[in-house]
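Please read the structure below before turning to the comments.
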């Protein structure tokens with residue numbers, strides 16, 4: 001047990017948590033923005049995948065990491081807009097359309113990589129480079145914290161700034177107020193003169209962009225290549241974090257961080273004498289239990305309110 | 001006298017409306033498929049491939065040799081069962097994405113029984129099938145009960161359960177259930193009496209690994225169709241799906257209907273797992289369901305959750321899958337283009353406004369003509 005504690009308290013482990021949590025944080029906040037805008041973005045997975053693939057391919061061919069990252073984010077954003085258009089213009093079910101977009105991303109990225117590079121696995125043959133790391137001056141001299149923070153990728157920094165940004169956007173800006181109003185009740189929002197559709201399109205574009213940033217981190221953060229289906233279900237876990245976090249920015253932040261910590265822990269414990277597959281089920285089992293508890297609490301509270309009203 | 005006359009007139013009008021809607025649905029489905037194939041054609045053209053040769057391999061390939069037909073039917077059996085398994089909760093408007101956990105639970109249950117339990121012939125087939133259905137149903141019950149009793153989001157619950165079961169399955173196949181002394185990762189073979197009889201034995205031509213599971217799948221589809229359209233439970237599930245508030249008002253216990261839809265769907269997905277073990281592989285293989293669980297969702301959507309149409313959609317979809325592999329062998333077009341085509345089909349199918357617009361226009365035309 002003490003060896004587990006040693007692992008958990010080491011600064012290397014904390015640094016790993018920040019790294020592993022980065023895509024979850026970004027994608028989950030993206031999912032949150034869409035959810036609060038009233039359109040469930042189950043296509044987070046596909047948007048991440050498309051961004052990861054586009055980023056690596058464009059960076060590889062143009063020899064510009066920045067251009068690659070920007071194109072990746074743009075593609076994910078366009079997928080967000082496409083989801084909004086399917087929902088708002090063609091009356092599609094957001095969940096089903098999201099499944100379709102995930103399928104499209106999975107097929108199109110694999111087809112593109114195979115067609116361009118004649119490789120089934122990924123873009124390892126292409127030198128696409130990584131995004132720079134950020135080290136604040138003087139931070140390395142701080143004990144523990146210095147080791148944890150220094151040398152983190154710039155997207156990790158962005159991921160941790162994204163939570164206060166989304167919170168500020170939601171609760172301190174006119175756009176955020178409109179977004180929440182539209183998500184709550186689009187007709188009521190429209191009746192007081194909010195351009196409901198425009199707000200929803202903007203929300204889904206932002207959602208896609210955040211998922212895109214998460215995807216770009218996967219293929220251009222620590223590794224410099226895209227692997228087929230490299231998101232490996234992270235988009236769905238992020239979606240779970242959205243609901244687990246109670247649809248609030250800081251709640252989602254904590255839930256996503258929790259998933260990151262659990263995954264980093266599973267990797268660390270894999271070195272001990274425990275089957276890694278079983279260790280890696282822990283975060284999902286915890287989520288399932290938390291989901292049930294959360295729903296149970298909400299239901300009890302709801303029943304209490306009804307009882308109070310009937311008195 | 002007059003009352004019955006009016007009634008029959010109403011009935012006739014109702015029937016014509018239904019027939020017209022069915023015709024629109026069918027032609028829309030066909031148009032959707034054609035549009036998706038056209039988009040695939042353009043994509044291949046744009047990426048410098050020869051789409052005509054590719055489509056020739058894709059569309060005629062699976063029929064060219066009898067074992068390819070077998071490969072298609074074997075795949076279609078699993079896929080259709082998985083499509084049926086999500087069509088039932090979808091009917092209750094429950095977005096159950098849990099087919100993956102259910103199929104693996106079913107495969108595990110079927111394999112454990114068929115490997116470890118010595119049983120007399122016939123019983124040796126039936127018991128693993130029942131065990132698989134029960135395991136799948138249990139796996140469906142968890143998110144179903146969480147949704148029905150607590151109101152927990154079923155999408156998250158099923159996704160989490162998938163993640164857990166897939167990992168546990170992987171652990172078991174690599175660990176306790178792994179055949180000792182074998183270099184490849186897989187379980188022991190099942191008892192020969194437990195195997196689903198291959199179709200090759202019946203027809204005398206080589207039909208690969210396809211087996212009487214095909215008949216089982218067809219029976220399941222008919223049974224589910226009868227359940228949905230002809231039984232009180234089916235009525236409750238449909239009402240819950242179309243308007244839960246109204247269903248509740250009409251005295252239907254909505255949570256119970258939701259729970260049942262998950263349990264029934266889970267049992268069917270469990271059967272799909274049993275088919276993989278008893279019919280296709282004869283043992284447990286790592287990741288044996290592949291992406292079939294998610295593609296089952298697509299099949300159900302394409303069929304608009306009608307069990308009988310799911311069979312047609314499953315056969316069609318598997319045909320594309322089988323053709324995609326042949327296309328990749330014979331041309332330089334990757335099989336992934338099939339996934340793109342499938343995705344376009346889903347996106348077109350979900351664009352509800354299109355067929356509704358058409359139906360409304362037809363109805364208006366008829367009213368105008370009278």
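The values are calculated or read from the model by the stated rules, or taken from the named source; none is laboratory data. None of these values were measured; they are calculated from a predicted model. Neighbour counts are summed over all protein chains in view; Cβ atoms, including those assigned to glycine, are modelled from backbone coordinates with ideal geometry.
Structure notes:
- Selection within the stretch B:164-186 - outside any helix (DSSP H, G or I) and more than 9 Å from chain A (Cβ to nearest Cβ): B:176, B:177, B:178, B:179, B:180, B:181, B:182, B:183, B:184, B:185, B:186
- If you go through the stretch B:213-231 and keep only what is within 20 Å of residue B:269 (Cα to Cα) and either touching a residue at least 24 places away in the same chain (Cβ under 8 Å) or over 21 Å from the mean Cα position of the chain (by Cα) (or both), you end up with B:213, B:214, B:216, B:217, B:218, B:220, B:221, B:222, B:224, B:225, B:227, B:228.
- Condition broken by residue B:46, with the remaining ones in (1) under 30 Å from residue A:118 (Cα atoms); (2) touching a residue at least 40 places away in the same chain (Cβ under 8 Å) satisfied: (2)
- Between A:131, A:32, A:70, the distinction of being surrounded by fewer than 24 Cβ atoms within 10 Å (Cβ to Cβ), more than 9 Å from every other protein chain (Cβ to nearest Cβ) and touching a helix residue (DSSP H, G or I) at 6+ places or on another chain (Cβ under 7 Å) belongs to A:131 only.
- Residue within the stretch B:104-123 that is touching a residue at least 40 places away in the same chain (Cβ under 8 Å), within 18 Å of the chain's Cα centre (by Cα) and surrounded by fewer than 24 Cβ atoms within 10 Å (Cβ to Cβ) present: no
- Across the stretch A:243-254, the qualifying residues are those that are at pLDDT below 90 and in a helix (DSSP H, G or I), and the one among them that is farthest from residue A:51 (Cα to Cα) is A:244.
- Reported count of residues in the stretch A:82-96, each being modelled with pLDDT of 90 or more and facing chain B (nearest Cβ under 7 Å), is 1.
- Scanning the stretch B:240-266 for residues that are more than 24 Å from residue B:142 (Cβ to Cβ) and either in contact with a helix residue (DSSP H, G or I) (Cβ under 6 Å, 6 or more places away or on another chain) or part of a helix (DSSP H, G or I) (or both) yields B:242, B:245, B:246, B:249.
- Residue B:310 vs. criteria touching a residue at least 40 places away in the same chain (Cβ under 8 Å), in a helix (DSSP H, G or I), more than 14 Å from chain A (Cβ to nearest Cβ) and over 13 Å from the mean Cα position of the chain (by Cα): no
- Within the stretch A:229-260, if we keep just the residues that are more than 13 Å from chain B (Cβ to nearest Cβ) and surrounded by fewer than 21 Cβ atoms within 10 Å (Cβ to Cβ), the residue that is nearest to residue A:101 (Cα to Cα) turns out to be A:230.
- The stretch B:3-36: number of residues that are within 14 Å of chain A (Cβ to nearest Cβ) and at pLDDT 80 or above: 3
- Identity of the residue in the stretch B:323-337, away from every other protein chain (no Cβ under 14 Å) and surrounded by fewer than 24 Cβ atoms within 10 Å (Cβ to Cβ), that ends up farthest from residue A:96 (Cα to Cα): B:330
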